[in-house]
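In what follows, a structure is listed as C-alpha cells, so that the remarks can point back to it.
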Amino acid sequence: MASKLLLNLPGKDSERIEMLVEAGEYASKSEFIRFAIKQALYSEERIGELKAITSKLQKQTKSRKHVREEIEWAKAGTRKAVAGMLKQ
Amino acid sequence: MASRPLVVLVDTTVLYSAIVYRGLENRVLFSGNHIFVTTDFVISEIQRIIVTKRGLGRREARRMVRSMPVVVASSDLIKTKLEEADELMGKRDRSDVPLVALALTIPGHDGIWSTDKDFEVVKGRFKVWKTRELLKV
C-alpha cells in the first residue's frame, strides 16, 4: 500500500531536483524522491549484508600471523598469474 | 577533510585487514571519505582466502565483495602497463605488480594505500599512504 510523505527540503536541493525534472531526467519531483529512497534502501541492505559477513570473519580471526599466512598463500596464485600474463 | 575525496589504490593486506579486523583499516575503508580502487587480482586473492581458508560459500563471498566500498579495475585495463610495473616491482614481489600497473594506468590518482614495505620502491613515483595518515586527511 502506498503512503504519502511530507518532506522539508533545503531550497537549494529542491531547486536542483526541479532542474533535473525540467531537463527530463525524471518525470516529476516525486519520481526523483522515490528513486533516491530506493537507492538508499538498496545501499542499506548491502551494508547490512557486508556487516554480517565481516562480523563472522572477524570472530574467526585468530592472530596477525595467521592473517599474514592467509595473504601469503593467496598471493602465490597471483604471482603465477602475473608471470603467465607477462610471458604472453 | 580534503576539499575533494582522495582517489586511493588499495593493496590486499590493507583491504583484507579492513575486513577481518575492527581496526584502523576498517575505520578508513568505511569512513566514506575517500574513493578506493583496486585490481581484480586483489579481489580474487580475498575471495580465495575467504572461500578456501575461512569456509564461506562462493555466493556469500561474491556478495561480500560486491558490497565493499571499492571500485574494481579489470585486468584488461592494466595489461598494457604490466611490463613497466614488473620492472618497478617485479623483483620485490610479483603479486604487487598489478596494483603498480593500476597506478601507472589511472591518471590523477592520489597514491597507494599499503602497509607493505615492498611498495617503498615506488615511493619516488607515487605517494604511498600509511593507514594513520589517511585517518588524518
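Computed from the coordinates by the stated procedures, all read-outs in this text should not be read as laboratory data. Because the structure is predicted, anything quoted here is derived from the model rather than measured. Counting neighbours? That spans all protein chains shown, and the Cβs are built from the backbone with ideal geometry, glycine included.
Considering all different alpha carbon pairs of the range A:1-51, the Kirkwood hydrodynamic radius works out to 12.5 Å. From the Cα gyration tensor of the range B:1-51, with a ≥ b ≥ c the square roots of its eigenvalues, which class applies: rounded if a/c is under 1.5, or else prolate if a/b is larger than b/c, or else oblate? Since a/c reaches 1.5 but b/c is at least a/b, the shape of the range B:1-51 is classed as oblate.
The separation of the range A:13-58 from the range B:11-32, counted between C-alpha centres, amounts to 25 Å. For the range B:99-115, 3J(HN,Hα) computed residue by residue from phi via the Karplus equation (6.51, -1.76, 1.60; θ = phi - 60°) reads 5, 5, 4, 5, 5, 6, 8, 7, x, x, 6, 9, x, 10, 9, 7, 10 Hz, glycine and proline entered as x. Distance between the pseudo-spin-label points of A:Ala27 and A:Glu15 (7 Å out from Cα toward the beta carbon): 2.8 nm. For chain A, the mean residue ellipticity at 222 nm estimated from helices alone is -27000 deg cm²/dmol, where every DSSP H run of n ≥ 4 contributes -39500 (n - 2.57) and the total is divided by all residues, rounded to the nearest 500. The local environment of B:Thr131, defined by Cβ-Cβ distances under 13 Å, has a net charge of 0 under the rule Lys, Arg +1 and Asp, Glu -1.
Go through A:Ala83, B:Met64, B:Gly90 and say which Cα lies farthest out towards the positive end of the charge dipole of the protein assembly as shown; charges sit on Cβ, +1 for Lys and Arg, -1 for Asp and Glu. My answer, from the dipole projection, is B:Met64. Given a Förster distance of 30 angstrom, what is the FRET efficiency for A:Lys56 paired with B:Ser74, based on the Cβ-Cβ distance and rounded to 0.05? E(calc), rounded to 0.05, equals 0.60. Here is the list for the range A:30-75: trypsin sites (Lys or Arg not before Pro) lying in DSSP coil, each with at most 10 other C-beta atoms within 10 angstrom of its C-beta, are A:Lys62.
Over 26 Å between C-alpha atoms is what I'm after, so list which of A:Lys59/B:Lys123; A:Lys87/B:Lys53; A:Lys75/B:Lys79; A:Lys38/A:Lys59 land there.
A:Lys59/B:Lys123; A:Lys87/B:Lys53; A:Lys38/A:Lys59
Entry note, chain B: the mean residue ellipticity at 222 nm calculated from DSSP H runs of n ≥ 4, each adding -39500 (n - 2.57), is -11500 deg cm²/dmol after division by the residues and rounding to the nearest 500.
Hey, quick one: spin label on B:Arg132, modelled 7 Å out along Cα-Cβ, who in the range B:21-43 has an amide N within reach, i.e. under 14 Å? Residues B:24-25 qualify, since their backbone N sits under 14 Å from the label point.
In the range B:61-137, the alpha-carbon atoms span a convex hull of 119 Å³ per residue.
Evaluating kT/(6 pi eta Rh) at 37 °C and 0.692 mPa s, with the Kirkwood radius of the protein assembly as shown over Cα pairs in the Stokes-Einstein relation, gives 168 µm² s⁻¹. With coordinates expressed along the principal axes, the C-alpha atoms belonging to chain B extend over 39, 35, 24 Å, beginning with the largest.
Do me a favour and compute the ellipsoid semi-axes for the range A:11-87 from its Cα gyration tensor, root of five times each eigenvalue, largest one first, whole Å. Before the final figure, lay out each step's value.
On the way: eigenvalues 426, 92, 18 Å².
Gyration-tensor ellipsoid for the range A:11-87: 46, 21, 10 Å.
Local charge sum around B:Lys91 (other residues, Cβ-Cβ under 14 Å, Lys/Arg +1, Asp/Glu -1)? Spell out each step's value before the answer.
Numbers: positive: A:Arg79, B:Arg92, B:Arg94, B:Lys117; negative: B:Glu83, B:Glu84, B:Asp86, B:Glu87, B:Asp93, B:Asp96, B:Asp118, B:Glu120.
After counting each charged neighbour, the total is -4.
What the Cβ-Cβ distance of B:Glu83 and B:Lys123 gives, at R0 = 22 Å and to the nearest 0.05, is a FRET efficiency of 0.60.
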